[in-house]
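**Student:** If you scroll down you'll find the structure; I have some questions about it.
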2 protein chains.
Amino acid sequence: MTGSEQKKAVILLSGGLDSTTVLAIARDMGFQCYALSVQYGQRHEVELEAASRIARQFGVVEHKVCHINLDLIGGSALTDPEIAVPTELSEGIPVTYVPARNTLFLSLALGWAEVLGSTDIFIGVNAVDYSGYPDCRPEFIREFQRLAALATKCGVEGSTITIHTPLIDWSKDSIIRRGMELGVDYSQTLSCYNPDKNGLACGVCDACRLRRKGFEQAAVPDPTRYQDCS
Amino acid sequence: MTGSEQKKAVILLSGGLDSTTVLAIARDMGFQCYALSVQYGQRHEVELEAASRIARQFGVVEHKVCHINLDLIGGSALTDPEIAVPTELSEGIPVTYVPARNTLFLSLALGWAEVLGSTDIFIGVNAVDYSGYPDCRPEFIREFQRLAALATKCGVEGSTITIHTPLIDWSKDSIIRRGMELGVDYSQTLSCYNPDKNGLACGVCDACRLRRKGFEQAAVPDPTRYQDCS
């Protein structure tokens with residue numbers, strides 16, 4: 001696809017490893033990319049700086065940052081300062097789960113897609129490493145896609161809205177290998193749930209552990225800047 | 001139900017006629033009511049003052065106001081100052097439709113419900129007068145309910161989440177009659193899409209016309225304060 005033939009897509013971009021890879025994949029598929037980030041009172045707001053850098057590097061058509069005060073409702077280690085981020089991998093649904101977050105993010109992406117006249121939304125959910133989060137599962141995504149068809153003007157008019165989840169069944173090391181083939185510079189991404197204000201990763205939260213293991217398994221040097229060994 | 005037996009419910013409260021009636025109905029059903037309003041860059045932000053008054057009058061357990069800058073994506077007369085609010089009833093999907101708004105509002109309500117341990121959400125959608133909005137239709141609500149079961153921790157654990165839409169097939173005059181039986185003071189509510197800064201209604205937008213007709217058909221004096229005849 002070139003120029004005016006290119007279809008538009010909205011990509012949910014947190015600034016982490018997964019969503020950055022998704023952006024690279026969407027671009028590689030020939031979409032005109034519109035990146036959407038959300039500032040929701042997360043303790044790792046510094047990830048939004050990573051999102052901005054990445055959006056610029058990838059030359060997205062537009063990068064919007066939506067602000068929502070989700071800390072208002074709390075209920076997660078990511079939005080309630082009184083709930084600590086665990087430093088060990090946890091069983092079951094972790095306390096870093098943010099209630100209804102992906103439903104909300106996809107709703108925002110859906111609203112923007114509708115305004116842009118786009119019927120393609122990309123999200124970097126992954127059901128392998130993060131299987132504890134209910135809203136990262138394929139059945140959730142399929143259901144959201146059905147909802148999108150009913151929720152929107154373009155759906156009512158007969159368009160199909162596609163929620164693309166290219167990473168859903170990939171291991172972290174496969175994600176990293178694919179991203180590197182597509183030219184992703186992972187040193188620019190931030191996955192940590194508990195970074196310091198300079199954007200250095202803690203190295204011990206779930207997100208850091210899974211990311212580090214991914215680089216090990218991909219047999220690629222880990223470019224992450226950690227607090228201990230920066 | 002009394003005291004600790006009372007179930008909790010989250011009620012989406014805009015401060016308009018419909019959502020206020022829904023709050024009265026939820027209270028009458030014996031729920032402990034948690035009201036959620038959303039400031040989303042709507043031109044009729046003054047409706048939030050109405051929502052606060054009403055939440056107080058009804059003695060809700062808690063009233064939260066969530067802020068989202070939906071004007072960022074625009075696409076609606078309610079969030080884009082360059083799109084005028086029509087002064088005549090329109091055919092098809094009106095320009096006051098806000099892309100994905102109810103999906104977003106229900107997601108927020110779902111998040112809060114999950115934190116509260118509630119499985120009941122109330123929303124004042126109505127498919128009679130506002131049939132132009134895709135996300136006010138019963139099929140949309142049914143689909144969201146299915147999504148809610150997959151999106152949340154409590155859904156995964158087997159709880160059923162109910163999206164209550166008591167007004168969905170009621171005419172405006174039936175809504176008004178029921179609200180008055182339940183003690184709603186409609187002079188405190190604001191439905192207008194284009195009020196002045198004092199909260200006086202324009203009298204000519206879709207919302208004003210439907211509301212005015214409702215009072216006429218209910219044979220009840222219209223307590224709305226209009227800009228022309230305040």
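**Student:** Taking the range A:173-198 only, how many residues are crowded, with 18+ Cβ neighbours inside 10 Å, farther than 15 Å from A:Ile25 by Cβ and touching a helix residue (DSSP H, G or I) at 6+ places or on another chain (Cβ under 7 Å)?
**Tutor:** 4
**Student:** Could I ask something else about it? Looking only at the range B:98-136, filter to residues that are in contact (Cβ under 8 Å) with a residue 12 or more places away in the chain, facing chain A (nearest Cβ under 8 Å) and of a type in the set (Val, Ile, Thr); which one of those is farthest from B:Ser76 (Cα to Cα)?
**Tutor:** B:Thr103
**Student:** Limited to the range A:49-92, what total is found for residues that are crowded, with 16+ Cβ neighbours inside 10 Å, at the interface with chain B (Cβ under 10 Å from one of its Cβ atoms) and either of a type in the set (Phe, Trp, Tyr) or more than 25 Å from B:Lys64 (Cα to Cα) (or both)?
**Tutor:** Adding up the residues that qualify gives 1.
**Student:** Take the range B:145-173 and flag every residue that is in a helix (DSSP H, G or I) and in contact (Cβ under 8 Å) with a residue 24 or more places away in the chain.
**Tutor:** B:Ala148, B:Ala151, B:Lys153, B:Cys154, B:Lys172, B:Asp173
**Student:** So which of B:Thr96, B:Thr103 ends up being modelled with pLDDT of 90 or more, surrounded by 21 or more Cβ atoms within 10 Å (Cβ to Cβ) and in contact with a Phe, Trp or Tyr (Cβ under 9 Å, 6 or more places away or on another chain)?
**Tutor:** Just a single option satisfies the conditions, and that option is B:Thr103.
**Student:** Next question. Within the range A:182-202, is there a residue that is in contact (Cβ under 8 Å) with a residue 60 or more places away in the chain, out of contact with any Pro (no Cβ under 6 Å at 6 or more places or on another chain) and part of a helix (DSSP H, G or I)?
**Tutor:** yes
**Student:** Of the conditions (1) closer than 15 Å to B:Val156 by Cα; (2) surrounded by 22 or more Cβ atoms within 10 Å (Cβ to Cβ), A:Gly111 fails just one. Which one is it?
**Tutor:** (1)
**Student:** In this structure, is B:Val95 over 27 Å from A:Glu143 (Cα atoms), more than 9 Å from every other protein chain (Cβ to nearest Cβ) and within 19 Å of the chain's Cα centre (by Cα)?
**Tutor:** yes
**Student:** While we're here: So B:Val156 passes all but one of these: (1) within 9 Å of chain A (Cβ to nearest Cβ); (2) touching an Asp or Glu at 6+ places or on another chain (Cβ under 9 Å). Which condition number does it fail?
**Tutor:** In the conditions (1) within 9 Å of chain A (Cβ to nearest Cβ); (2) touching an Asp or Glu at 6+ places or on another chain (Cβ under 9 Å), B:Val156 misses (2) alone.
**Student:** Could you tell me whether A:Ala149 is touching a Cys at 6+ places or on another chain (Cβ under 6 Å) and either away from chain B (no Cβ under 14 Å) or aliphatic (A, V, I, L, M) (or both)?
**Tutor:** Criteria not met by A:Ala149.
**Student:** Checking the condition more than 14 Å from chain B (Cβ to nearest Cβ) and more than 30 Å from A:Gln32 (Cα to Cα), which residue from A:Leu200, A:Leu182, A:Leu167 passes?
**Tutor:** Checking each option against the conditions leaves just A:Leu200.
**Student:** Continuing with this model, one more query. So which of A:Ile11, A:Ile25 is in contact with a helix residue (DSSP H, G or I) (Cβ under 6 Å, 6 or more places away or on another chain) and either of a type in the set (Phe, Trp, Tyr) or in contact (Cβ under 8 Å) with a residue 24 or more places away in the chain (or both)?
**Tutor:** Of the residues listed, the single one that is in contact with a helix residue (DSSP H, G or I) (Cβ under 6 Å, 6 or more places away or on another chain) and either of a type in the set (Phe, Trp, Tyr) or in contact (Cβ under 8 Å) with a residue 24 or more places away in the chain (or both) is A:Ile11.
**Student:** Next up: For B:Ser19, only one of the following conditions fails: (1) more than 14 Å from every other protein chain (Cβ to nearest Cβ); (2) surrounded by fewer than 21 Cβ atoms within 10 Å (Cβ to Cβ); (3) touching a residue at least 24 places away in the same chain (Cβ under 8 Å). What is its number?
**Tutor:** (2)
**Student:** Scanning the range B:210-224 for residues that are buried (at least 16 other Cβ atoms within 10 Å of the Cβ) and of a type outside the set (Phe, Trp, Tyr), which turns out modelled with the lowest pLDDT?
**Tutor:** Restricting to residues being buried (at least 16 other Cβ atoms within 10 Å of the Cβ) and of a type outside the set (Phe, Trp, Tyr), the top hit is B:Leu210.
The values are calculated or read from the model by the stated rules, or taken from the named source; none is laboratory data. Keep in mind that this is a model prediction, so the values were computed, not measured. Note: ideal-geometry Cβ built from the backbone for every residue, glycine included; neighbour counts use all protein chains shown.
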